[in-house]
Amino acid sequence: MRLAIAEINLTALAHNLAQVKSFAPNSKVMAVLKANAYGHGLVTIAQHLNDADAFAVARIDEALALRAGGLTKPIVLLEGFFDEADLPILLANNFQTIIHDENQLAALENAQLEAPINCWLKINTGMHRLGVAPEQFDEFYNRLQKTANANNTVNLMTHFSCADDVDSSKTMQQIALFNRLAENVEQAHCLSNSAGILAWPSGHGDWVRPGLMLYGVSPMANTTGKTYQLEPVMRLTTKVIAVRNVAAHEAVGYSGRWQSDKPTQLAVVAMGYGDGYPRHARAGTPVIINKQRYGIVGSVAMDMITLDIGNNTHNIKVGDEVTMWGPELPVEEIAQCADTIPYELLCNITPRVSYQYQR
């Protein structure tokens, strides 16, 4: 029996997809499923996103897993392909690819393919990571139009670098540059990630790419999914495995980093960085037991975390359920306590955590 459980609420997932559509009613939805659907389970999540128009993943192995799971919707490779030998695989599985540099374009032009591949040309409008430079756009677009290995319907994509910062002018600059380059291209345009969907409606375009918000988590600083009527999809729980007395000034855990100034009781719970819980969660990071909040004390270990439960007035006992994050304890709050972002916490869930899918 595994004590650490990730409960995945499929009703919340459907609700969040509906919220995406309400924020961007005139756009098609490309649901982003990379990194094991942000830690929620790639294939099962995809199987319950029937109202999405397409899926997006980072790499070809993720796309192949979706096809092996029986998913037939269009799948876009957000990093594109990495070798010319991948192209027949893309064609055979009806994968769509990003083209973002000269190496990819040349490989596509030189390949011997039986039919054309659907391509998206990615433009670097300011992220400076992947994408062709604005001055390269005309050349790349024209070459894609000419090669027999690319479908004539070449769609356009970019990625925002600061969409989560509503006070920055960078996103509007990126939208303006993209629109200037794309103004004579009638094919589909895709600009907005989750933050773009929530904060920058002028960048919604023909397609939007929701990732984090599908899972009920806010991409915006200092907010939670509830701010945007999103519902957390994951509830991470475990069990209490020991309750013990600790005398005043007894050092607790590795390096003795914490000690109480008075006698107290500790609850030890079966969760640690071996399960994906952040090792750097600071003292006081909350968990919930029996509807009450308690704070972490001492170091997060590989397998265990200790909690100061004081005089145990709520009668915590071995076997009680512990909520590490979920609807009643936003993962955004835990991320702040660990000086990280909720993306990392969700993606870091390890295979020894059991997944339970429920409606």
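Quick check: is even one residue across region 204-211 under 25 Å from SER22 (Cα atoms) and more than 23 Å from the chain's Cα centre (by Cα)? Looking through region 204-211, none of the residues is under 25 Å from SER22 (Cα atoms) and more than 23 Å from the chain's Cα centre (by Cα). Within region 304-322, not a single residue is part of a loop (DSSP other than H, G, I, E, B) and within 26 Å of GLY225 (Cβ to Cβ).
Can you find a residue that is part of a helix (DSSP H, G or I) and under 30 Å from ILE349 (Cβ atoms) anywhere in region 116-136? No, the conditions are met nowhere in region 116-136.
Test of understanding: among LEU10, LEU33, LEU17, which residue is without any contact (Cβ under 8 Å) to a residue 60 or more places away in the chain and under 19 Å from LEU346 (Cα atoms)?
Being without any contact (Cβ under 8 Å) to a residue 60 or more places away in the chain and under 19 Å from LEU346 (Cα atoms) holds for just one of LEU10, LEU33, LEU17, which is LEU33.
Can you say whether LYS73 is within 15 Å of SER194 (Cβ to Cβ), touching a Leu at 6+ places or on another chain (Cβ under 9 Å), modelled with pLDDT of 95 or more and among the basic types (Lys, Arg), as far as the supplied structure shows? Considered against the rule, which asks whether it is within 15 Å of SER194 (Cβ to Cβ), touching a Leu at 6+ places or on another chain (Cβ under 9 Å), modelled with pLDDT of 95 or more and among the basic types (Lys, Arg), LYS73 comes out as no. Pick from region 129-167 the residues that are aliphatic (A, V, I, L, M) and open to solvent by 70 Å² or more (accessible area, probe 1.4 Å): which of them is modelled with the lowest pLDDT? Of everything passing the filter in region 129-167, VAL166 is modelled with the lowest pLDDT.
Residue by residue, here is whether (1) in a loop (DSSP other than H, G, I, E, B); (2) in contact with a Ser or Thr (Cβ under 8 Å, 6 or more places away or on another chain) holds:
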site	(1), (2)
ALA6	no, yes
THR11	no, no
PRO25	yes, no
ALA31	no, no
VAL76	no, yes
PHE81	yes, yes
ALA85	no, no
ILE89	no, no
ALA106	no, no
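Can you name every residue in region 224-278 that is in a loop (DSSP other than H, G, I, E, B) and aromatic (Phe, Trp, Tyr)? Once the filter is applied, which keeps residues that are in a loop (DSSP other than H, G, I, E, B) and aromatic (Phe, Trp, Tyr), region 224-278 yields TYR273, TYR277. For region 343-359, the set of residues classified as part of a loop (DSSP other than H, G, I, E, B), under 14 Å from TRP325 (Cα atoms) and open to solvent by 30 Å² or more (accessible area, probe 1.4 Å) consists of ASN348 only.
The values are calculated or read from the model by the stated rules, or taken from the named source; none is laboratory data. From a predicted model like this one, the values you see are computed outputs, not experimental measurements. Using ideal geometry, Cβ is built from the backbone for each residue, glycine included, and neighbour counts are taken over all protein chains shown. The area values use the complete protein model at the heavy-atom level, side chains included, leaving out ligands, DNA and RNA. Shrake-Rupley method; radii C 1.70, N 1.55, O 1.52, S 1.80 Å.
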